[in-house]
1. Give, in nm to one decimal, the length gained when the segment between S195 and A116 is fully stretched (0.36 nm per residue of separation minus the Cα-Cα distance).
2. Pick out which of G72, G193, G19 has the largest mean-square fluctuation in a Gaussian network model of the chain, springs linking Cα atoms closer than 10 Å.
3. ³J(HN,Hα) across region 82-98 via Karplus (A = 6.51, B = -1.76, C = 1.60, θ = phi - 60°), whole Hz, x for Gly/Pro?
4. Sorted by mean Cβ packing within 10 Å, highest first, what order do the peptides 176-185, 258-267 take?
5. log10 I(q)/I(0), Debye, Cα-only the chain, no solvent, q = 0.08, 0.13 Å⁻¹?
6. As an exercise, take the mean of 1/r over every pair of distinct alpha carbons in region 23-95, invert it, and state the Kirkwood radius in angstroms.
7. Return the calculated 222 nm mean residue ellipticity for the chain, to the nearest 500 deg cm²/dmol, obtained by summing -39500 (n - 2.57) across DSSP H runs with n ≥ 4 and dividing by the residue count.
8. Please arrange T220, T28, T67 by how many other C-beta atoms lie within 10 Å of their C-beta, fewest to most.
Amino acid sequence: MDVISIGETMVLFTPNTLGKIRYANQYTSRIAGAETNTLIGLAKLGHKAGWISRLGRDEFGELILNTVRGEGVDVSKVVMDDEAPTGILFKEIINQDSVNIYYYRKDSAASRLSPADLDKTYMANAKYLYLSGITPALSLSCRKTVFESINMAKDNGLKIVFDPNIRRKLWEDEEAREVILEIAGKSDVILPGVSECEFLFGTRDYEQAVQSFHEAGAETVIVKLGDKGAYYSTFDRKGYIDSYPVKAVIDPVGAGDGFAAGVLSGFLDGLTISEAVKRGCAIGAMVCSTNGDMEGLPSKRELYQFCDSNLIDEVNR
């Protein structure tokens, strides 16, 4: 296994019409989960990805399991829970500038994840453990599971890649800050956004925040700068990578997960840090250009075509 991740995936319902949900009577359903977005991105790029989670033994759980498995991710360590439901959420789009998210995930099957759901042998055979800051916010048992997975990863020589992915709706700010920083201090690679740097360190000066991450022990920090690209820093090199042009932003949700898939894929393929970050920027742009969290994630052929076409455009300008 190349990359293992742990986290909750839910079924997302979006009305087919704009406006308040109370007036909607037709919906489109998709799956939604930061960790599975990244794992699916990796699988599409030809890497071996495995998911650890719990789903309700219900139709929503079957939908998620079949979808993730169908996209090439190993789901052998996903537990089907007879006693708790699969989480769901609704996206209410009033207009392009007003979007509301409603979660129905309290006491979901995934919130019952525990250290007992971790398989030491499964973990030992991987190269990277990919974590987000969402999972430790779901419950105390989920938090214990995340920290135990970190211990297992360190015991077996896995690199730990961490996207803070802060969801302030899920926990109090002080608690979130404390736990996120503790996980960051145990991680090898951190992938924050500028707003997350500000939340954690009280400054939008992300270079200062990067230094704080390094002082905590992180070897590599890559800050996502949205349409401005990304900034990377290791103990011995740093630099900026420009973003790829996006003709029209259709749906930015999931772009950060695609970015993580691109960076991890680059590491697995032996690219330099700048090349890996560039791959992350490319996939982030591709995801933004497509409706849905994972629908824009490319195969390697599609990724190379996208990068080549943008190189041609650059030459012609």
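1. Details: separation 79, 0.36 × 79 = 28.44 nm, distance 3.42 nm.
Extending this stretch completely gives an extra 25.0 nm.
2. In the Gaussian network model the winner is G19.
3. The phi angles translate into 7, 10, 9, x, 6, x, 9, 8, 10, 10, 9, 9, 6, 7, 4, 9, 9 Hz.
4. Values: 176-185: 17.4, 258-267: 27.8.
Those peptides, ordered most packed to least, come out 258-267, 176-185.
5. So the normalised log intensities are -0.34, -0.94.
6. Numbers: mean 1/r = 0.0743 Å⁻¹.
Its Kirkwood hydrodynamic radius stands at 13.5 Å.
7. Values: 11 runs with 127 residues, N = 317.
Calculated mean residue ellipticity at 222 nm is -12500 deg cm²/dmol.
8. On the way: T220 24, T28 12, T67 18.
Starting with the residue having the fewest Cβ neighbours, the order is T28, T67, T220.
No value in this document is a laboratory result; all are computed from the given coordinates. Because the structure is a prediction, the values reported are computed rather than measured. Ideal geometry is used to build each Cβ from the backbone, glycine not excepted, and the neighbour counts take in all protein chains shown.
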